[in-house]
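Below: the structure, in structure tokens.
The values are calculated or read from the model by the stated rules, or taken from the named source; none is laboratory data. All figures in this text were calculated on a predicted structure; none of them were measured in a lab. Counting neighbours? That spans all protein chains shown, and the Cβs are built from the backbone with ideal geometry, glycine included. Just the protein is used for accessible areas: all its heavy atoms, side chains included, with ligands, DNA and RNA removed. Shrake-Rupley method; radii C 1.70, N 1.55, O 1.52, S 1.80 Å.
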Amino acid sequence: MEFDRNETVDLLGSLSNAKSPSGFEDETVWVVREFCEGWADVQTNSLMDALITPNNFTGEKPVVMLDAHGDEVGGMVRSIRSNGTMSFVELGRFSPHVLAGQDVLVRGTDGVWRHGVVGIKPPHFMSKAEAAAGDSPMILDVGASSKEEAIEKFHMGMGEPMVPATKFQYDNETGVAFGKGFDCRAGVAAELLALRELSRRADLPFDVVASVSAMEEVGERGVAAAVRHFNPQIAFMFEGCPADDTFQAPDDIQTALRHGPMFRYFDVCMITNPRYQRFVLKCAEDAGLTCQTSVREGGGTDGGPTHMMDVPSVVAGVPCRYVHAGTAICALDDVEETARVAVEVVSRFTQEIVQGF
């Protein structure tokens, strides 16, 4: 199964550039709608889950649900101070010290996204204690000089979202992409490619649908509503998962670029159904597709709430270096291989197999 690399790049780029922190997934939904135009219907609920029903949906077969989350880590304005700067809270969790000096975009009350910076006290002004600790309070600054100016001229307001200002870039020679939000926009790209391919197949014993769920980074809040909407018998989850190949000892690396999707046996929210996991890995092996596996000591995915609703789930993670930071790295080969594995697995489902999970 081959994909149009230019299309994959354009899709991932549009998804990465979408400004959609948790609770503000609108721009991700816009990209999903555009990609699905003509072959699938996209609805939303009050959480801003994108609920995708391909045109080949019959309503007469049991349902397989694909899922990836559409939000990214970001921030929200907490208060506006008299000097025009703002305090903020994180939506999700950035890696420690990542935000200091980060170029960001802050949405104004007029709907316009404005450049800003996460300000931190220069070392010239730090006390000895602050310098020794390597830590200082951070503020959000769009260049205003008073609270009135921040509100009236820059249209800042409490509750407005913030994201890193990183722009997507792709190197055609190396096949490597740089951007923000690859957790989980790399997963969303793989999900959409797989869903479109499956939507072209009329001989499947299941109806295949998909959700691009909301607010995963703040506790997997959106996926349960998608599960209730579709009532699937089984689910296949996609993620943009953290790669560990740049900081682990060679023998401990479990998630590396250009080694295909990573399937986890364990994380803090799910012990993966071992029968389903074995089936997936065997499907990939039989088809000559590349996968890797891991046992995770941290992190969680939409598979957590889904499997607790008695829907067997596996998680295909597209390896992404430096997620939960301003810029991440991924390989387009891994995005496309993840889609291939998903198509292969779903194509081999039968009622007997699924009921055996």
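Carbon-plus-sulfur fraction of the accessible area of segment 88-199, 1.4 Å probe, in percent? Write down the numbers at each step before the final one.
Working: 2920 of 5410 Å².
About 54 percent, which is the carbon plus sulfur part of the accessible surface.
Mind ranking 191-199, 234-242 by how tightly packed they are, going by the mean number of other C-beta atoms within 10 angstrom, highest first?
Details: 191-199: 23.7, 234-242: 28.0.
Highest-to-lowest ranking by the protection proxy: 234-242, 191-199.
Would you kindly derive the ³J(HN,Hα) couplings of segment 41-51 from the backbone phi angles with the Karplus curve 6.51 cos²θ - 1.76 cosθ + 1.60 (θ = phi - 60°), listing them in order in whole Hz, with x for Gly and Pro?
Working through the residues one at a time gives 9, 10, 10, 10, 10, 5, 7, 6, 5, 8, 10 Hz.
Just to be sure I understand the model, the point goes 7 Å from the Cα along the line to the Cβ. What's the resulting Arg278 to Glu149 distance in nm?
So the two model labels end up 6.7 nm from each other.
³J(HN,Hα) across segment 84-98 via Karplus (A = 6.51, B = -1.76, C = 1.60, θ = phi - 60°), whole Hz, x for Gly/Pro?
x, 7, 9, 8, 8, 10, 7, 9, x, 9, 7, 4, x, 6, 5
In Å, the Kirkwood hydrodynamic radius of segment 1-73 over pairs of distinct alpha carbons?
Working: mean 1/r = 0.0736 Å⁻¹.
Radius from the Kirkwood sum: 13.6 Å.
Report relative contact order for the chain in percent, whole number only (criteria: Cα-Cα under 8 Å, sequence separation at least 6). Let's see the in-between values first.
Numbers: 837 pairs, mean separation 79.8, N = 357.
In percent, rounded to a whole number, it is 22.
Given N residues in segment 254-303, what is its alpha carbon radius of gyration divided by 2.2 N^0.38 Å? Don't jump to the answer; show the numbers that get you there.
Details: Rg = 11.1 Å, N = 50, 2.2 N^0.38 = 9.7 Å.
Here the answer is 1.15, to two decimals.
What does DSSP give for the chain in terms of the percent of beta bridges that are antiparallel, rounded to the nearest 5? If you can, show how the numbers build up before the last one.
Details: 41 of 65 bridges.
Restricted to the chain, the bridges split so that about 65 percent are antiparallel.
Calculate the translational D of segment 93-156 in whole µm² s⁻¹ from Stokes-Einstein, where the hydrodynamic radius comes from the Kirkwood formula applied to all Cα pairs, the temperature is 25 °C and the viscosity 0.890 mPa s. Each step should come with its number before you reach the end.
Numbers: Rh = 13.2 Å.
Taking Rh from Cα pairs, D becomes 186 µm²/s.
Sort 89-96, 343-350 by packing, meaning the average of other beta carbons within 10 Å per residue, with the highest value first.
343-350, 89-96
Using only Cα atoms, figure out Rg for segment 198-357 and give it as a multiple of 2.2 N^0.38 Å. List each step's numbers first, then the result.
On the way: Rg = 15.3 Å, N = 160, 2.2 N^0.38 = 15.1 Å.
That ratio works out to 1.01.
Under 11 Å from the Cβ of Met270, count the other residues' Cβ atoms, weight Lys and Arg +1, Asp and Glu -1, and hand me the total. Before the final figure, lay out each step's value.
Working: positive: Arg264, Arg296; negative: Glu220, Asp267, Asp302.
Net charge around Met270: -1.
Got a number for carbon plus sulfur as a percent of segment 301-341's accessible area, 1.4 Å probe? Spell out each step's value before the answer.
Working: 520 of 1000 Å².
Here carbon and sulfur together make up 52 percent of the probe-accessible area.
For Asp251 and Arg228, FRET efficiency with R0 = 56 Å and r from the beta-carbon atoms, rounded to 0.05? Don't skip to the end; give the middle numbers.
Values: r = 43 Å, r/R0 = 0.76.
Plugging the Cβ-Cβ distance into 1/(1 + (r/R0)^6) gives 0.85.
Suppose a student asked you for the relative contact order of segment 176-256, using Cα pairs under 8 Å spaced at least 6 residues apart; what percent would you report?
On the way: 53 pairs, mean separation 27.3, N = 81.
34 percent.
Read through the labelled values [x] 35; [y] 17; [z] 25 and report the label of the one computed as percent of Cα pairs over 39 Å apart from the structure.
[y]
What spacing in nm lies between the two simple spin-label points modelled at Asn83 and His97, each 7 Å away from Cα in the Cβ direction?
The answer from the label model is 2.4 nm.
Ranked from highest to lowest mean number of other Cβ atoms within 10 Å per residue, what is the order of the peptides 63-70, 284-291, 24-31? Before the final figure, lay out the partial values.
On the way: 63-70: 28.0, 284-291: 14.9, 24-31: 20.8.
Descending packing order for the listed peptides: 63-70, 24-31, 284-291.
Using a 1.4 angstrom probe on the protein heavy atoms only, line up Met48, Met262 by accessible area, largest first. Working shown, then result.
Working: Met48 40, Met262 0 Å².
Result of the area sort, largest leading: Met48, Met262.
What accessible area per residue, rounded to a whole number of Å², is obtained for the chain using a probe radius of 1.4 Å? Walk me through the intermediate numbers first.
Numbers: 15220 Å² over 357 residues.
Counting only protein heavy atoms, the per-residue value for the chain is 43 Å².
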